[in-house]
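Data first, discussion second: the structure below is written as structure tokens.
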Amino acid sequence: MSIVLEAGSARVVVEPELGGRIAAIEVAGLSLLVGPGDDVLRWGCYPMAPWAGRLRDGRFTFDGRTLQLPLTFPPHAIHGTTYTRAWRDEGGGRLSIDLGEDWPFAGRAVQEITLAEDQLALRLEVHSEGEPFPASLGWHPWFRREIERGEPLELTFEAAAMYERDEQHLPSGVLVAPGEGPFDDCFKDLLRVPTLRWPGALRLELSSSTDHWVVYDEPAHAICVEPMTGPPDALNLAPRIVEADRPLCATALLRWELESP
């Protein structure tokens, strides 16, 4: 069953059974996200856990073991084990899920979604329920380029560095100066808070406790601005270690204001 949150003119719809994703963010009748489609990768705003982005060849090494995961985005694995599975609605905008049979460690993810009139606050956690394991996490929002009124979406995004992309479309681990778009790239060391603006309709700032951001602006209909705790392939490049008493946690905040036509 859908979860519907409302505050002032803002309305958010969450679909626990569809990967725990936010299916809609609506402000004063303006629909900001790409709506449901056949490809689960390409709509709404979904949490990514226990890793975010592509995982090279679906493989990583931890504690002397090489572990192989299903290739969900051949030849790689992508976006974790929770975005295609049903989450439990715990009430009050809180949801949880175990990390599933495809993840070789016992653990769970928890998210909290809180709506106010002018902002949407998100929190995501990955917990170990046994031995330590490497992880990363993040969110994957699909913002519509065109909404019900105003001009097409403009993104203001400035960072000091981005990851060099190799022939497999993955970070090589080397940081370089940001180039020109279009992008399907990971950045760090932000110079300002990312801003999405539909001139004459709405302005949205997207801030996060995370220190990595993927920008994907190649599609003609959408722009993705993804806060993440590490780069794609983080389980190999920059893993964060989750222990029983030390979950990996991140927050994100979407704050908006309406503009006059």
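The values are calculated or read from the model by the stated rules, or taken from the named source; none is laboratory data. What you are looking at is a predicted structure, and each value in this text was computed from that prediction instead of being measured. Here the Cβ is made from the backbone with ideal geometry for all residues, glycine too, and neighbour counts use every protein chain on show.
Within segment 34-50, identify whether any single residue is hydroxyl-bearing (Ser, Thr, Tyr) and within 19 Å of PRO141 (Cα to Cα), and answer yes or no. Yes - at least one qualifying residue is present in segment 34-50. Quick check on THR210: is it within 18 Å of LEU137 (Cα to Cα) and either more than 20 Å from the chain's Cα centre (by Cα) or polar (S, T, N, Q) (or both)? Here the answer is yes, as THR210 does meet what is asked. Restricted to segment 231-249, and to residues there that are in contact with an Asp or Glu (Cβ under 8 Å, 6 or more places away or on another chain) and under 19 Å from ASP211 (Cβ atoms), the residue that is surrounded by the most Cβ atoms within 10 Å (Cβ to Cβ) is LEU248. Looking across segment 192-210, the residues that are touching a strand residue (DSSP E or B) at 6+ places or on another chain (Cβ under 6 Å), assigned to a loop (DSSP other than H, G, I, E, B) and surrounded by fewer than 20 Cβ atoms within 10 Å (Cβ to Cβ) come down to VAL193, SER209. Confirm whether GLY80 is crowded, with 17+ Cβ neighbours inside 10 Å and on the phi > 0 side of the Ramachandran plot. It is true that GLY80 is crowded, with 17+ Cβ neighbours inside 10 Å and on the phi > 0 side of the Ramachandran plot.
Rundown of residues vs (1) modelled with pLDDT under 95; (2) surrounded by 21 or more Cβ atoms within 10 Å (Cβ to Cβ); (3) over 20 Å from the mean Cα position of the chain (by Cα), yes/no style:
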site: ALA106; (1), (2), (3): no, no, yes
site: LEU124; (1), (2), (3): no, yes, no
site: SER128; (1), (2), (3): no, yes, yes
site: SER136; (1), (2), (3): no, yes, no
site: TRP139; (1), (2), (3): no, yes, no
site: ILE147; (1), (2), (3): no, no, yes
site: ALA159; (1), (2), (3): no, no, no
site: GLU180; (1), (2), (3): yes, no, yes
site: LYS188; (1), (2), (3): no, no, no
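What do you reckon, is ALA222 on the phi < 0 side of the Ramachandran plot, at pLDDT below 95 and surrounded by fewer than 20 Cβ atoms within 10 Å (Cβ to Cβ)? No; evaluated as a whole, the condition is false for this residue. Being in a strand (DSSP E or B), touching a residue at least 12 places away in the same chain (Cβ under 8 Å) and under 16 Å from the mean Cα position of the chain (by Cα) is the requirement here; does ILE223 meet it? In short, yes.
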